[in-house]
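Written below as structure tokens is the structure these notes are about.
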Amino acid sequence: NTATSTVTAQVVSTLSKFNVYLMPGPDQATPAVPGWNLISTPLIPNDTAIGTVMTGLLVKGLQSIWYYNTATNTWLSYEPSSSANSLTTFETGRGYWVRMDTSKFTYDDPLATGLPQTPRPVKLTISGQVLQAGNQPPPTYAIKAGWNLIGLHNEHDTAATTALAGLTSPFGARLWASLLEYKNFVKYPTQKGESPETVLGAFSSVGVNGTMNPGKGYWLFAMAD
């Protein structure tokens, strides 16, 4: 027997939604210890109001979000329960520290002997566009001397030297000294011979020949504005 049906599909030419997966902290035995995630968005959100972007996390353990303003050397923060937040927008090109309630996560058995229980990631879906259509130019980002919280505005993994190509002098000298990422993930084996990997909270340096990834936030140390 055979059957025929018609399906209507919409094909879009670029990324319109992006998922960021948030994890708990390293100390699962102490729920009071928060879980930190350093994230960003490669999309320009359709609505940059931080409360709107984070709507899906409000019942999943979101405690607060923090952004470091290098120009003023101050932290801006957002707490869902507060009416006096200094951080009001969630924008592309920036990195944000997101603090999650460890006790809100669901845990499965360890992937291997000696590993902690396996947390199930909490998904944050951000709707937006890589670039705005029409007469809107691509966004630019001001980098100040010192530490900056940045994100990757790109749909794909990008070499650090390419993503940060604008941070060079007229003579080609690199104007950034350090790029750090915060690893908080569980990696499942996808091929024969691979082993599971669990890293729940550890800083790692991204070298000159390293790669930056969409959805991750980074600490960048610049030597000049």
Quick one: pull the percentage of alpha-carbon pairs in the stretch 53-127 with a separation above 22 Å. 37 percent
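Taking the Cα centre of the stretch 39-151 as origin and charging only Cβ (+1 Lys, Arg; -1 Asp, Glu), how large is the dipole, in debye to the nearest 20?
Once rounded to the nearest 20, the dipole reads 100 debye.
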Would you give the gap between the C-alpha center of the stretch 45-90 and the C-alpha center of the stretch 171-225, rounded to a whole Å? 23 Å
Taking 1 over the mean of 1/r across every pair of different Cα atoms in the stretch 1-144, what Kirkwood radius in Å do you get? 17.7 Å
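Structure shown: which of 123/144; 17/60; 17/192; 17/104; 104/192 lie over 29 Å apart, alpha-carbon to alpha-carbon?
123/144; 17/192; 104/192
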Cβ-defined net charge surrounding residue 106, 15 Å radius [Lys, Arg +1; Asp, Glu -1]: +1
Only helices counted: for the chain, with every DSSP H run of 4 or more residues adding -39500 (n - 2.57) and the sum spread over all residues, [θ] at 222 nm is -500 deg cm²/dmol
Quick one: dipole size for the stretch 56-114, taken about the Cα centre, charges +1 on Lys/Arg Cβ and -1 on Asp/Glu Cβ, in debye to the nearest 20. 160 debye
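Of all the Cα-Cα pairs you can form in the stretch 137-202, what percent are over 21 Å apart?
Distances greater than 21 Å cover 47 percent of the Cα pairs.
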The chain: longest stretch without exposed GluC sites (Glu not before Pro) (DSSP loop, at most 16 other Cβ within 10 Å), sites themselves excluded? 1-154
Lys, Arg +1 and Asp, Glu -1 on Cβ, resulting dipole of the chain about Cα centre, debye, nearest 20: 60 debye
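Bear in mind that the values in this text are calculations on the coordinates, not laboratory data. Note that the structure is predicted; figures quoted are calculated from it, not measured. Cβ atoms come from the backbone with ideal geometry, glycine included; neighbour counts cover every protein chain shown.
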